[in-house]
1. Quick check on region 223-234. Is at least one of its residues buried (at least 20 other Cβ atoms within 10 Å of the Cβ), acidic (Asp, Glu) and not assigned by TED's automatic domain parsing to the domain that holds ARG439?
2. Need a quick list: helices (runs of 4 or more DSSP H) entirely within region 180-262 having at least 3 residues that are at pLDDT 95 or above, out of contact with any strand residue (DSSP E or B) (no Cβ under 9 Å at 6 or more places or on another chain) and more than 30 Å from PHE445 (Cβ to Cβ).
3. Exactly one condition in (1) touching a strand residue (DSSP E or B) at 6+ places or on another chain (Cβ under 9 Å); (2) at pLDDT 95 or above; (3) of a type outside the set (Asp, Glu) is not met by SER32; state its number.
4. Can we say ARG264 is over 18 Å from VAL491 (Cα atoms), touching a residue at least 40 places away in the same chain (Cβ under 8 Å), surrounded by 14 or more Cβ atoms within 10 Å (Cβ to Cβ) and among the charged types (D, E, K, R)?
5. Pick from region 282-327 the residues that are surrounded by fewer than 24 Cβ atoms within 10 Å (Cβ to Cβ) and polar (S, T, N, Q): which of them is farthest from LEU139 (Cα to Cα)?
6. Just one of ILE499, ILE525 is over 13 Å from GLY402 (Cα atoms), surrounded by 20 or more Cβ atoms within 10 Å (Cβ to Cβ) and modelled with pLDDT of 95 or more; which is it?
7. Here are the criteria: (1) of a type outside the set (Gly, Ala, Ser); (2) part of a helix (DSSP H, G or I); (3) under 30 Å from ASP456 (Cβ atoms). Tell me which single one ASP504 does not satisfy.
Amino acid sequence: MIILGVYNSHDACATLFDDYRLIAAVALERPSRVKSDGYRWPAEAVAECVAQAGLKPSQIQIVALSRAGYPRSYYRDAAFTFGDIGKGEHRDLFSVLNRRRLRDPERVFDVGRLLSDNGVEPEQTYFYNHHKAHALGTLFHTDWDDALLYTSDGGGDGVFYSARHFVDGNLEEIFGGEKDARAILNRQRRQDSLGLMYYFVTEALGFRPMRHEGKVLGLAAFGEPVYQVELSRFWRLDRDGQIRGRKLIRQIRETIREMAANGRREDLAASAQAVLEDITIQSLSRIYERAPSKNLGVSGGVFANVKLTQRIAEKFPFEEVFVSPAMSDQGEAEGGVLEYLLERDMMKTWLGKRERWGNLYLGRDYMSEVDAVFEAGGAQRVGSGDVAEIVAQLIIDEGIVGTYLGRCEYGPRALGARSIMASPTDHSINDTLNKRLDRTEFMPFAPVVREERVQDVFELPESLHYTARYMTVTCDVKPEWQDKISAVVHVDGTARPQIVRRADNPVYYGVLEAYERATGIPVLINTSFNVHEEPIVNHPHEALKALTSGRVDFVATESSVWATPR
């Protein structure tokens, strides 16, 4: 059965399954080339998924949809009251349903016409729950029998946090489920959200919210949390661990703006980070008291914050902590399909289909075209023989190498398929890379290390090894290595490592292996193959453009290494 998953808010995305087999998962920004593209039907992402499967849209049998915003023209007249007129073109479907105390989206929304207008006419449609999709997209890719599932973000389907306890084959909602989302009393509100707090800090510091929160995290290491106590007063905790805002959302926003206007930006960033860590850990502590568990799975945009995950792992005795690799709303489409499958088949069957993630290379396969594109574009091959050996020597000779190795990664991180590799031994490479990629100077680069060597270089507990394969956590760098790999060590002595296995990407792994043989250094820089404010490279033409415009010195494919003509 061919199932299409769609998410149409910010970070829009699409995914395609053949029953439980995941065929493709694509964020809209990759083919559209608009960073964080969304708030529309993700047509280009759908096209990439369908093309990867070798299918036609007419062969899609099920479509799983979000209850986010849709154009007003697709709502039925009964969806609106007189007071709704003149409030903009889009309407949030969940809000429309909730105001009218309805559950069936088709009472107010013409989903058939929406899909038909976009070339899809399935046998069945399914509307998924935002936070449950986050949670299921995490649980499905584990083999756990006992876990807490916690989600936190800027909001979806009327919820900002959810907690679930998975044990003995059952999934118990602690809070943040459909019932809570539809509650009239004591429902979650915008001022409860630490994700929105971080959004306001990002905005107040002059960065772009829902895009540059990582810059706030990077900046935090240079400051002191002087506003932590004052900011913390905006929230309290319920007995069950729910975070509740004490003030209106506009008051929180105004206070943050005043702090940004009158103080050091580094101190505000450090304060926001401290509040996020402290209150999230307090929330988890109360949930853990109620439902002690062996493992923790987290998702939602808040958990793009890699330092937060490190702090959680340090605080709790979990056997494993796993952050969904597509923790942002880029993971919603996949989670939505998994929710449909759970509803269809029930928990026992669904659990039996679970599978741990591999390399996440789930974009469209352009590998048959890539070398021809480079050759037609005037690039020249470098060397002959083993690609990994060639790349390692180029990096030793201070070259900067982009990788185009297989299908594009799922989620926001570059994981070897679309990475830029460089030597980590000289911190000055950071300035060089930042200038060539138009990036902010204080942001650290990340290291990649082979699975066999991670414990020699990093203070990374076994509980974080799975999630570190997808660069979703920071850890301390061992003191004896900090000067040797200074380009990937942040000012606080931490790094965000990617662990790579040979099976995940043989060429990428082989470069690390060859580089260590020649230098004794088991680590290389891995940063995403993109210029600042552009999405990560998707099509071969974009990799060629990066080469010819001098963003990188070389591009490695699975069969060749390319350079511009001299």
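1. There is no residue in region 223-234 that is buried (at least 20 other Cβ atoms within 10 Å of the Cβ), acidic (Asp, Glu) and not assigned by TED's automatic domain parsing to the domain that holds ARG439.
2. 228-232, 249-262
3. (1)
4. It is false that ARG264 is over 18 Å from VAL491 (Cα atoms), touching a residue at least 40 places away in the same chain (Cβ under 8 Å), surrounded by 14 or more Cβ atoms within 10 Å (Cβ to Cβ) and among the charged types (D, E, K, R).
5. Among them, the one singled out is GLN282.
6. One residue alone meets the criteria, ILE499.
7. Here ASP504 clears every test but (2).
Each row is one residue, and each column tells you yes or no for (1) in contact (Cβ under 8 Å) with a residue 12 or more places away in the chain; (2) acidic (Asp, Glu).
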{"position": "GLU178", "(1), (2)": "yes, yes"}
{"position": "ALA183", "(1), (2)": "no, no"}
{"position": "ALA220", "(1), (2)": "yes, no"}
{"position": "PRO225", "(1), (2)": "yes, no"}
{"position": "ARG233", "(1), (2)": "yes, no"}
{"position": "LEU248", "(1), (2)": "yes, no"}
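The values are calculated or read from the model by the stated rules, or taken from the named source; none is laboratory data. Keep in mind that this is a model prediction, so the values were computed, not measured. Positions of Cβ are generated from backbone atoms using ideal geometry, with glycine treated the same way; all protein chains shown enter the neighbour counts.
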